[in-house]
Amino acid sequence: MILPWHRALWERLMAQRAQQRLPHALLFAGPAGVGKLELAQALMGALVCLAPSADGQHCGACRSCRLLASGDKHWDVLQVAPEDGSKVITVDQIRAVAEFVTGGPQQAPTKVVLIAPAERMNVNAANSLLKTLEEPTPHTVLILVSASPSRMPATVRSRCQRYDVALPSGEVARAWLQTQLEPDAHVDVLLALSGGAPCAARELAATGALALRQKMFASFVEVWRGQVPVVDAAAVWSKQETEQVLIWLDAWLVDLARIKSGAVERQLQNPDLTGEMVSLAHDAELATLITMEMRTREALRHARGQVNAQLLWEDVLSTFTPRGARAPA
């Protein structure tokens, strides 16, 4: 199923395919949570389908579609992602791509390689892929998916046709999300937390992340007010998914700075926390909040590599004590 905000791009892709002008290498780029991977998988399914529908989508019933849906190895499909326990796509994985694309498809009309998230390729892997991109094989399509294409080498990006997948309008995102969730779901809060990205909002709802976020915010308030030692709080925070919690923390600090600057609730990323935020913002200087937010973003960059979570959180949370904000009277 093509997501509503992908429809125009899908029609463009299918027109190119009908004219035999579909690039041999595509890059789907855009913010996290807008369904780039879903779009890439839909294109992958369409390209290996033996009897696509009128609008180009896979039929779901042919031998190729059934094999792809089963999860078993499809002779003409290779999906590449960081392996279990790793944050990177390795050179050996990309060398397997070069071997895979040798020769024509065995069953489907096209061989498809899907690499996501493509920015996770290490330097050697990206250089290895470059050789494959420079020497495309017939009836083969490579699809790269990335929320951070700037982290990929320019030489790789330049050899792919880029397709930007943008955030939908708030109205479209809200309408779609309401069809995906229970009637009592906090749709507006979920969308605010995900930066307006509908798929990310759906994921937040599915994983129970709202409850965890509320727990972490309560811990943040305790640290801010000096009610718990930083080392103890860091031990709790280090047990969570570091990158996600840092993203939440960054959003809280941005909202605190906005409140300090006179923003109203509709301008905040965390509208459900407004009351507590107003109280916290009263006890901090704007310049201090901005410094804290910059430190959090620096930590987020480090968190995408190999880090000691306990030490990272001790460093970050130490800035949120009364030494970094005026202690309540």
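The values are calculated or read from the model by the stated rules, or taken from the named source; none is laboratory data. Small disclaimer: the values here were computed from a predicted structure and weren't measured. When we count neighbours, we look across all protein chains shown, and the Cβ atoms used for this are built from the backbone with ideal geometry, even at glycine. Just so you know, the surface numbers come from the protein's heavy atoms only, side chains and all, with ligands and any DNA or RNA stripped out. Shrake-Rupley method; radii C 1.70, N 1.55, O 1.52, S 1.80 Å.
A few notes on this one:
- Accessible surface of the chain [probe 1.4 Å, protein heavy atoms]: carbon and sulfur percent: 52
- Estimated FRET transfer efficiency (ASP55, ALA32; beta-carbon r; R0 30 Å; 0.05): 0.65
- In the frame of its principal axes, the stretch 162-305 has Cα extents of 43, 37, 35 Å, reported largest first.
- Overall Cα dimensions of the stretch 248-315 - principal axes, largest extent first, Å: 38, 22, 16
- Annotation for ILE290 and ASP72: the two label points, set 7 Å from Cα along the Cα-Cβ direction, are 6.1 nm apart.
- Judged by the mean number of other Cβ atoms found within 10 Å, the most tightly packed of the peptides 289-295, 7-13 leads the ranking 289-295, 7-13.
- Averaged per residue, the chain has 49 square angstrom of accessible surface, using a 1.4 angstrom probe with ligands and nucleic acids left out.
- The count of lysine pairs in the chain whose Cα atoms are under 24 Å apart, excluding pairs fewer than 8 places apart on the same chain, comes to 10.
- Cα-derived Rg over Rh, computed across the stretch 95-196 with Rh taken as Kirkwood radius: 1.13
- For the stretch 1-44, the fraction of alpha-carbon pairs in successive 10 Å shells from zero, as %: 25, 60, 14, 0
- Cα Rg, Dmax, the stretch 243-284, angstrom units: 9.7, 29
- One way to sum up the overall shape of the stretch 142-221 is the equivalent ellipsoid from its Cα gyration tensor, whose semi-axes run 31, 18, 10 Å, largest first.
- Each helix, a run of at least 4 DSSP H residues, gives -39500 (n - 2.57); summed and divided by the residues of the chain, these come to -15500 deg cm²/dmol at 222 nm.
- Here the Kirkwood formula, the inverse mean of 1/r across different C-alpha pairs, assigns the stretch 23-101 a hydrodynamic radius of 14.3 Å.
- In percent, rounded to a whole number, the relative contact order of the chain is 17, using alpha-carbon pairs under 8 Å and six or more apart.
- At an R0 of 22 angstrom, the distance between the Cβ atoms of HIS186 and VAL278 translates into a FRET efficiency of 0.65.
- Rg/Rg_globular for the chain, with Rg_globular taken as 2.2 N^0.38 Å and Rg from C-alpha atoms: 1.15
- In this structure, the amide hydrogen of GLN79, modeled 1.01 Å from its nitrogen in the peptide plane, lies closer than 5 angstrom to those of LEU114, counting only residues at least 5 positions away or on a different chain.
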